[in-house]
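The values are calculated or read from the model by the stated rules, or taken from the named source; none is laboratory data. Since this is a predicted model, take the numbers as computed values, not measurements. Because the Cβ atoms are built from the backbone with ideal geometry, glycine has one as well, and the counts that use them run over all protein chains shown.
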């Protein structure tokens with residue numbers, strides 16, 4: 001019994017001492033461990049992982065469609081065939097979902113030039129192609145903004161002078177990049193009208209300095225990866241043959 005009391009007293013004294021002494025972090029150290037071919041493969045782990053890896057590789061490389069040519073995001077000045085394709089795909093795949101949930105339709109789409117991470121190469125197209133084009137986990141969001149904010153969006157496109165992917169927006173500028181024509185779905189932009197703009201969660205949160213999405217009326221999260229819009233489209237079409245068009249052009 002006395003033995004038990006002794007340990008209780010010792011624990012109590014240590015606890016009091018720890019509470020009185022303030023512990024301070026003096027140093028943090030770390031080192032980089034490189035993963036190279038020199039690391040030996042563990043046979044049992046490799047045997048366990050291999051069937052899963054083989055199945056994933058097979059799924060990623062299954063042919064879904066065919067690309068007529070090689071398309072790059074840098075092929076055009078203010079719009080590119082690849083950017084047009086990706087923006088149009090987002091609209092065609094996300095709009096039915098948005099409409100079924102809200103009864104409303106997407107008015108236009110805006111993505112970013114830098115978000116396209118590879119070319120779409122001529123030949124077979126697979127799920128792996130979608131991961132190469134869009135390796136990020138970005139999801140589709142629909143932002144309800146007024147026409148005045150659409151003006152800020154257009155001003156951003158003018159100043160950036162890059163082929164940011166757009167869909168359902170027609171923008172014509174002159175040699176000084178002053179707006180000659182700006183329409184959404186063929187109609188003039190109204191300042192007090194609410195437009196539903198499909199974009200990525202990254203851009204909605206200010207990525208690429210796109211700060212015109214806030215404030216807004218409402219934000220709708222579809223829980224739909226942009227990459228998955230591509231995969232779903234690849235599954236629906238036999239041939240991919242996008243073109244550079246007149247959705248964003250400069251007239252001299």
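Search segment 175-186 for residues that are closer than 13 Å to residue 151 by Cβ and pair each with any residue that is modelled with pLDDT under 95 and in a loop (DSSP other than H, G, I, E, B) when their beta-carbon atoms are under 9 Å apart and the residues are at least 6 apart or on different chains. Hits for this filter: zero, empty list.
Within segment 80-118, being out of contact with any helix residue (DSSP H, G or I) (no Cβ under 9 Å at 6 or more places or on another chain), loosely packed, with under 15 Cβ neighbours inside 10 Å and part of a helix (DSSP H, G or I) holds for 96, 99, 100, 101, 102. Mind checking which residues of segment 137-146 are surrounded by 15 or more Cβ atoms within 10 Å (Cβ to Cβ) and outside any strand (DSSP E or B)? Hit for segment 137-146 is 138, nothing else.
Sub-9 Å Cβ pairs linking a first residue in segment 117-138 that is at negative phi and free of Cβ contacts under 8 Å to residues at least 40 places away in the same chain to a second residue that is part of a strand (DSSP E or B) and surrounded by 14 or more Cβ atoms within 10 Å (Cβ to Cβ), at least 6 apart or interchain, are 132/120, ordered by first then second residue. The residues in segment 150-176 that are more than 20 Å from the chain's Cα centre (by Cα) and surrounded by 21 or more Cβ atoms within 10 Å (Cβ to Cβ) can be counted, and the count is 2. Remark: pairs (first residue in segment 201-230, at positive phi and outside any strand (DSSP E or B); second residue loosely packed, with under 15 Cβ neighbours inside 10 Å and modelled with pLDDT under 95; Cβ separation under 8 Å; 6+ apart in sequence or on different chains) = 206/214. Under the condition of being within 14 Å of residue 60 (Cα to Cα) and either under 11 Å from the mean Cα position of the chain (by Cα) or surrounded by fewer than 20 Cβ atoms within 10 Å (Cβ to Cβ) (or both), the residues counted in segment 119-133 number 6.
Being more than 22 Å from residue 85 (Cβ to Cβ) and either out of contact with any helix residue (DSSP H, G or I) (no Cβ under 7 Å at 6 or more places or on another chain) or at pLDDT below 95 (or both) is the requirement here; does residue 201 meet it? Criteria not met by residue 201.
The residues in segment 175-187 that are under 15 Å from residue 155 (Cβ atoms) and part of a loop (DSSP other than H, G, I, E, B) can be counted, and the count is 3. Here the condition is being in contact with a strand residue (DSSP E or B) (Cβ under 7 Å, 6 or more places away or on another chain), at pLDDT below 95 and either surrounded by 13 or more Cβ atoms within 10 Å (Cβ to Cβ) or within 27 Å of residue 67 (Cβ to Cβ) (or both); of 192, 216, it holds for 216 alone.
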